[in-house]
1. With r as the distance between the Cβ atoms of Y327 and S40 and R0 = 25 Å, compute the FRET efficiency 1/(1 + (r/R0)^6) and round to 0.05.
2. Around L135, with a cut-off of 9 angstrom between Cβ atoms, what is the net charge of the other residues, counting Lys and Arg +1 and Asp and Glu -1?
3. Calculated FRET efficiency, R239 and Y170, Cβ-Cβ r, R0 41 Å, to nearest 0.05?
4. Quick check: pseudo-label points 7 Å beyond the Cα along Cα→Cβ at T161 and A222, how many nm apart are they?
5. Quick one: check the C-alpha center-to-center distance for region 113-153 versus region 171-196, whole angstrom.
6. If we count other beta carbons within 10 Å of each Cβ, what is the order of M38, M108, fewest first?
7. Suppose each label sits 7 Å from its Cα in the direction of the beta carbon; what would the D270-C50 distance come out to in nanometres?
8. Of K68/K324; K95/K259; K95/K172; K259/K324, which pairs sit farther than 30 Å apart, going by alpha carbon to alpha carbon?
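Since every read-out is calculated from the coordinates, none of them should be taken as a lab result. Everything quoted here is computed from the prediction, not taken from an experiment. Note that we place each Cβ from the backbone using ideal geometry, even for glycine, and neighbour counts take in every protein chain shown.
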Amino acid sequence: MRTVAFAGLLIYCAALIACGRSAGEDVSALLQRSAEAMASQSFSFTVPDCALCPPPIVTEYAPPDGIKLSHPKGHDDWPYYLIAGDRWMFSSEGKRWLEGTDYTFPFMLLSDPRVALRIADDPRTDGTEDVSGVLHHVVRADVDAERFISEELPPQALPDTPEGDEARAYYKDFVAGSEVRFWIDAESYTVTKMAIDYAPLPEDEDGDDPRSAVITFDYETAVDVPEDPESMPQEEAQRLRREAQTRTAPLQQAISDHKELYGTYPPSLDPETLSEVLPPSQWPVNPFNAEPVKESADSPGDFHYVSKNEGQDYELSLFDWDSKYSYTDTVRFGHPEDYEQ
C-alpha cells in the first residue's frame, strides 16, 4: 500500500514539475514571439500615471533602434533623442541632432518594450485581461539589471570614464529589484501596455522613508523618424557656437549704435543698412558655413531680426546647431543699452 502511495506521489510530483516547466516554457515563448512582433514596429506611448514624472509625457519609437522623445507639457527642457544604427543623438528641437552624451537617455530606453522584453528575467503569467475589447496575455518578469547595463546601453550613453562608471552604478542600483509587466495582444503579440514596478528607492538625505514607484505606458500609433538626420558631434557644435557668439558681437553692437545715431533700431540687418555703424568689410562670417551671416528662419550661425514699434524695439534670435543660443526681445526683456547703465 505504501509502495503504491509512494509511486502515486512520484507521478504527481513529476506531473507538477512537468506542468511548471511547460508553463515557464510557454511564457518564455510568448515573450519571444512578442519580441519578434515588436522588432519591426514604430509606435508612441503616453504615461497615464507616474509617481516620478508628472504626465502627460509622449515618447515616439521607430525601428531599427530608433527613439525620439517629444516635448511633453511641463518638460520643455527635455531633449529629443534619436538612435540610428550606432549613431546616438539628441536635439533641443528635434530638427538637427547632436552626437554626444546625455545621461537622461537610459530612462528612455527602459520605457521601450523591445528593450524590456530583452532584459526580462524569470517570466511568469498573470493570466489574461480584456483591454479595450481585445484579449491580452499579462506577463510579469524581473528586470535583469546586469543585462540592461551591459547589453542595452550604447557606449555613448555611459562612456568609459569615471563619470560614466558612476552613472552606470546608479542605473544598475535604480533598476535592480524592479519588475515589469507586459500586456500582450493575443492575436498580434504586440505590447499595447507596459508597467515598470520600481523597487523602493534608497532613503534620501532628509530621512524620508523609501517608497516604490509604478510607471505605466500605453502604446499607440505609428510614428515617423527622419531617414537621414543632420547631425554634428556635440563638441564641434559647441566650438562653433562659441565662435559664432564672438563673431556676431559686432552685429549686436551695431544695432545699439544705429539706435544712438538715428534714434531708432535698424529696420533690417544687412551690410547696406548698417554700413554707417558696421563697415561691410567687417560684416560677420558664419562659422558653420563660412558665408556671411544672414537673415534666416533657423539656420545655424545665422539670425532672425524683427523691428517693432516703429523702430523703438526689436527682436533678435541667434541660432546654434540645433536651437537658439541667444534671444533678445526688448518689449519683454528691456533694451540692452539699459543693462549697461
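1. Computed FRET efficiency for S40 and Y327 comes out at 0.05.
2. With Lys, Arg at +1 and Asp, Glu at -1, the net is -4.
3. Numbers: r = 29 Å, r/R0 = 0.72.
FRET efficiency, R239 to Y170: 0.90.
4. Rounded to a tenth, the inter-label distance reads 4.0 nm.
5. Their Cα centres are 4 Å away from one another.
6. On the way: M38 24, M108 21.
Listed from fewest to most nearby Cβ atoms, that is M108, M38.
7. Those two pseudo-labels are separated by 4.7 nm.
8. Working: K68/K324 20 Å; K95/K259 35 Å; K95/K172 32 Å; K259/K324 24 Å.
Long pairs (Cα-Cα over 30 Å): K95/K259; K95/K172.
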